[in-house]
Amino acid sequence: MSKTETQSTCIVRVGLDDRAYDIHIGPGLIDRAARLISDVCGDARCAVITDENVAAAQLPRLEAAFAGTAQLAGTIVLPAGEATKCFDQLEHVCDRLLAIGVERGDVVIALGGGVVGDLAGFAASILRRGVRMVQIPTSLLAQVDSSVGGKTGINTVRGKNLIGAFHQPVLVLADTDALQTLPDRQLRAGYAEVVKYGLLGDRPFFNWLDANIDTVLARNEPSVLHAVETSCLAKASVVAADEREHGQRALLNLGHTFGHALEAWAGYSDRLLHGEAISIGMVMAFRYSERTGLCEPGLADVVEAHFKRAALPTRVVDIPSNTKGGDSPAIDDLMTLMAQDKKVERGQLKFILVRDIGSAFVSSDVESDDLRNFIESELAR
Ligand code: GLY
């Protein structure tokens, strides 16, 4: 992992030997995408996968970048929302890519947030046994997390991201201009993933966020650039050291075991966005660590107060009622959903717990009864 800078953009290198790639971060990158992609992929044809919202806000910029070239082979526009990460849409996307005539040497471009990136990446990993992939993340969450590191996949009713593949992109273009049109709720949900890097391994970054939260959420360019760059440097370093999550990459799942169960329970709907779910999940991880004496009392309150300043949910009761007038998760449902977590090994759940802000670790020592009692108390909190 290394970093180079020009005046307003920077490049973070993900050091994966012959599969190493650059993450460009800064304004105006979509307008320069055709040239930047050509630098890496030559004159390969490109098929774009995006969603309805991003198509309206960003697709004209990408099409303008390709104007005058013969490289843009076609565009596939999907419904927006987490429910799109499913088998039906995967089949649809693969069918459309074949209809467009995407060949083994061509390139799939994911223009969008985490849903588009994960689905398009998975399609690219299986189409003709694997075609190249460029990620152009347009949400904060995708820029700081899901577009980097090669995790791709879809959800099933049994859980989040349970079907997928590792398929690294050949290039990531994180255009910070795209964040200017991102809905506020999406920005705040992505901010939870930014805070995650501070909480899991970088106390000074958490302190910086605590001092600069208002400018980041106001989309002030230098603050956003610093937040995205610091997050990408952290992610690139973890991915380069442990691409397939045999060890420390699991730390990136801080708050995710709880959060994924809540997301599945809420039906992967607008009721609870991924970043909102892990905001609740990270506070739960700190509370559980406090309760078991792993970290000093009071830290969970500090973390919760920070997420509240970002107007993020921090408790299960903060999840809005469903359209039928409200429900709350049953303890048995949450325990079953958590047991489907990808980190389960021989039935034993692995949790990311904390000794301090900036000091997370992987634990396989969580007792099922203890966990159940804890979640029951959280449901009542
Ligand atoms: N989002 C967690 C990871 O990429 O490992």
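The values are calculated or read from the model by the stated rules, or taken from the named source; none is laboratory data. Just so we're clear, the structure is a prediction, and the values are computed from it rather than from any experiment. With ideal geometry, Cβ positions are generated from the backbone for all residues, glycine too; neighbour counts draw on all protein chains shown.
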I want to confirm something. Restricting to segment 237-248 and keeping residues that are away from the ligand (no atom under 11 Å from the Cβ) and at pLDDT 95 or above, which single residue is surrounded by the fewest Cβ atoms within 10 Å (Cβ to Cβ)? Ala241
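Scanning for something within 15 Å of the ligand (Cβ to nearest atom) and surrounded by fewer than 24 Cβ atoms within 10 Å (Cβ to Cβ), does segment 196-203 turn up at least one residue? Walk me through how you get there before you give the answer.
Residues of segment 196-203 that are within 15 Å of the ligand (Cβ to nearest atom), as a first pass: 196-197, 199-201.
In the following step, the residues that additionally are surrounded by fewer than 24 Cβ atoms within 10 Å (Cβ to Cβ) were identified as 201.
Yes: segment 196-203 contains one or more residues that are within 15 Å of the ligand (Cβ to nearest atom) and surrounded by fewer than 24 Cβ atoms within 10 Å (Cβ to Cβ).
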Only one of Val157, Val170 is surrounded by fewer than 19 Cβ atoms within 10 Å (Cβ to Cβ) and under 25 Å from Thr336 (Cα atoms). Can you tell me which? Val157
Can you go through Pro222, Pro183 and tell me which one is away from the ligand (no atom under 16 Å from the Cβ) and within 17 Å of the chain's Cα centre (by Cα)? Pro183
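Quickly run through segment 132-151 and pick out the residues that are of a type outside the set (A, V, I, L, M, F, W, C) and within 26 Å of Leu312 (Cα to Cα).
We begin by selecting, within segment 132-151, every residue of a type outside the set (A, V, I, L, M, F, W, C); these are 132, 135, 137-139, 143, 145-147, 149-151.
Residues satisfying the conditions are Pro137, Thr138, Ser139, Gln143, Asp145, Ser146, Ser147, Gly149, Lys151.
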From Thr230, Thr292, which residue is within 13 Å of Tyr197 (Cα to Cα) and away from the ligand (no atom under 15 Å from the Cβ)? Thr230
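Yes/no matrix, rows are residues, columns are (1) in contact with a helix residue (DSSP H, G or I) (Cβ under 8 Å, 6 or more places away or on another chain); (2) surrounded by fewer than 21 Cβ atoms within 10 Å (Cβ to Cβ); (3) in contact (Cβ under 8 Å) with a residue 40 or more places away in the chain:
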{"residue": "Val283", "(1), (2), (3)": "yes, no, no"}
{"residue": "Thr292", "(1), (2), (3)": "yes, yes, yes"}
{"residue": "Arg309", "(1), (2), (3)": "yes, yes, yes"}
{"residue": "Arg315", "(1), (2), (3)": "yes, yes, yes"}
{"residue": "Asp318", "(1), (2), (3)": "yes, yes, no"}
{"residue": "Pro329", "(1), (2), (3)": "yes, yes, yes"}
{"residue": "Leu334", "(1), (2), (3)": "yes, no, yes"}
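Yes/no matrix, rows are residues, columns are (1) under 24 Å from the mean Cα position of the chain (by Cα); (2) at pLDDT 95 or above:
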| residue | (1), (2) |
| --- | --- |
| Lys3 | yes, no |
| Arg19 | yes, yes |
| Leu29 | yes, yes |
| Ser38 | no, yes |
| Cys41 | no, yes |
| Glu52 | yes, yes |
| Val77 | yes, yes |
| Asp88 | yes, yes |
| Gly114 | yes, yes |
Spot the failing condition for Leu251; the list is (1) within 11 Å of the ligand (Cβ to nearest atom); (2) under 18 Å from Gly15 (Cα atoms); (3) out of contact with any Lys or Arg (no Cβ under 8 Å at 6 or more places or on another chain), and only one is missed. (2)
Within segment 224-249, considering residues that are of a type outside the set (Val, Ile, Thr) and touching an Asp or Glu at 6+ places or on another chain (Cβ under 8 Å), the one nearest to Arg19 (Cα to Cα): Lys235
Turns out the helices (runs of 4 or more DSSP H) fully within segment 43-134 with at least 2 residues that are in contact (Cβ under 8 Å) with a residue 60 or more places away in the chain and not acidic (Asp, Glu) are 52-57, 87-100, 114-126
Going by what's in this entry, would Tyr191 be described as touching a Ser or Thr at 6+ places or on another chain (Cβ under 6 Å) and at pLDDT 95 or above? no
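Report, by residue number, each residue of segment 135-152 that is in a strand (DSSP E or B) and either over 27 Å from Val224 (Cα atoms) or within 13 Å of the ligand (Cβ to nearest atom) (or both).
Going residue by residue through segment 135-152, those that are in a strand (DSSP E or B) are 135-137, 151-152.
Scanning segment 135-152 gives Gln135, Pro137, Lys151, Thr152.
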Take the residues of segment 271-293 that are in a helix (DSSP H, G or I) and among the polar types (S, T, N, Q): which is farthest from Gly358 (Cα to Cα)? Ser279
Taking segment 56-100 and keeping residues surrounded by fewer than 17 Cβ atoms within 10 Å (Cβ to Cβ) and within 15 Å of Arg129 (Cα to Cα) leaves Glu91, Asp95, Leu98
Over 18 Å from Lys151 (Cβ atoms), without any contact (Cβ under 8 Å) to a residue 24 or more places away in the chain and not small (Gly, Ala, Ser) - does that describe any residue in segment 222-239? yes
